[in-house]
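Trainee: The structure is given below, and queries will be raised subsequently.
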Amino acid sequence: MAASPSGGSAGATDIEATRAALVAHLQRHSVRTGDFVLKSGRPTTWFLDSKQTACRPDGILLVADLALALLPADITAIGGLTAGADPVAFGIAAVAATRGRELRSFSIRKEAKDHGVTGRVAGALQPGDRVAIVEDTVTRGSSPLEAASVVRELGAEPVLIMPIVDRGGTCGPAAAEQGIDFLALVTAPDLGFEFEG
């Protein structure tokens, strides 16, 4: 699935304006430059904390505006692996509800819970749901692909992986291998950096 819409309609113009506003918000609140070490142990000259955008009211509204403009109409649930997916999924679902679109949201725990409601999923995911897996940032894509596996185990179908930012450029091909579409709202090059997958 392409990251940017085709054609020159007013809808496409609105989408690009929203994407540009989201890029500016990320650059202002979520991107830091300097010397950092990624979780993989590799050094980098930029650090991205997309939660600084997803957890601000103006930021999550931009994320939700763009995501809802791009999400396929047949998606019925949205969620992913805690904690990267939580503000994204819950924020998009809440904004969707104000616009008459019902998206059930959920969170996948790192480990299964053995008391109360057991298992790894907390929230309203149901068997048969067509699911958008969300994440704040993906580099290699291990978190959303793990989430997709859990979703399948529960009898729902992961249709799309949609991070706020694709930092690495490798999650899309990995998702395609599993028959899942991939659509990042923003990419590292949009933010002025090369992919670091």
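Please treat every number below as a calculation from the coordinates, not as lab data. What you see is a predicted model, and the numbers here were worked out from it, not measured in a lab. Glycine gets a Cβ as well: all are built from the backbone with ideal geometry, and neighbour counts include every protein chain shown.
Trainee: Can you sort 150, 37, 134 by how many other beta carbons sit within 10 Å, fewest first?
Mentor: So the ranking, lowest neighbour count to highest, is 37, 150, 134.
Trainee: For the range 168-185, take each phi angle, set θ = phi - 60°, evaluate the Karplus expression 6.51 cos²θ - 1.76 cosθ + 1.60, and give the result in whole Hz per residue in order, putting x for glycine and proline.
Mentor: The phi angles translate into x, x, 10, 5, x, x, 5, 5, 4, 4, 9, x, 10, 5, 9, 8, 7, 5 Hz.
Trainee: Using Cα springs under 10 Å in a Gaussian network model of the chain, which residue among 110, 51, 39 shows the largest mean-square fluctuation?
Mentor: Judging by the Gaussian network model, the answer is 39.
Trainee: Order by neighbour count: 185, 71, 38, fewest other Cβ atoms within 10 Å first, most last. Walk me through the numbers before you get to the answer.
Mentor: Details: 185 26, 71 21, 38 14.
In increasing order of surrounding Cβ atoms, one gets 38, 71, 185.
Trainee: Restricting everything to alpha-carbon atoms, can you work out Rg to Rh for the chain with a Kirkwood hydrodynamic radius? Mind showing how you got there, number by number?
Mentor: Details: Rg = 16.1 Å, Rh = 16.9 Å.
Across the chain, the Cα-based Rg/Rh ratio is 0.95.
Trainee: Continuing with the same structure: Long-range amide H contacts for residue 121: which residues qualify at under 5 Å (H placed 1.01 Å from N, peptide plane, sequence gap of 5 or more or a different chain)?
Mentor: HN-HN under 5 Å from residue 121: 109.
Trainee: List the residue ranges in the chain for DSSP H helices whose C-alpha atoms run 15 angstrom or more along the long axis and whose Kyte-Doolittle average is 1.6 or above. Can you show the working numbers first?
Mentor: Details: long enough: 10-29 (28 Å, -0.03); 57-70 (20 Å, 1.72); 86-98 (18 Å, 1.42); 142-153 (17 Å, 0.03).
Qualifying helices: 57-70.
Trainee: Could I ask something else about it? Assuming 0.36 nm per residue, please report the length gained on full extension of the stretch residue 17 to residue 110 beyond their Cα-Cα distance.
Mentor: Values: separation 93, 0.36 × 93 = 33.48 nm, distance 3.58 nm.
Roughly 29.9 nm would be gained on extension.
Trainee: Something else: Using the Cα centre of the chain as the reference point, and only Cβ charges (+1 on K/R, -1 on D/E), how large is the resulting charge dipole? Debye, rounded to the nearest 20. Each step should come with its number before you reach the end.
Mentor: Working: 18 positive and 23 negative charges, 79 e Å.
Value, rounded to 20: 380 debye.
Trainee: While we're here: Order these by the 10 Å Cβ neighbour count, fewest first: 193, 106.
Mentor: Ranked by crowding around the Cβ, least crowded first: 193, 106.
Trainee: Would you mind calculating the gained length between residue 101 and residue 32 on full extension (0.36 nm times residue separation, minus the Cα-Cα distance), in nm to one decimal?
Mentor: Numbers: separation 69, 0.36 × 69 = 24.84 nm, distance 3.51 nm.
Between residue 101 and residue 32, full extension yields an extra 21.3 nm.
Trainee: Give me a comma-separated list of calculated 3J(HN,Hα) values for the range 159-167, in order, Karplus coefficients 6.51, -1.76, 1.60 applied at θ = phi - 60°, integers in Hz, x for any Gly or Pro.
Mentor: 9, 8, 10, 9, x, 5, 10, 9, 7
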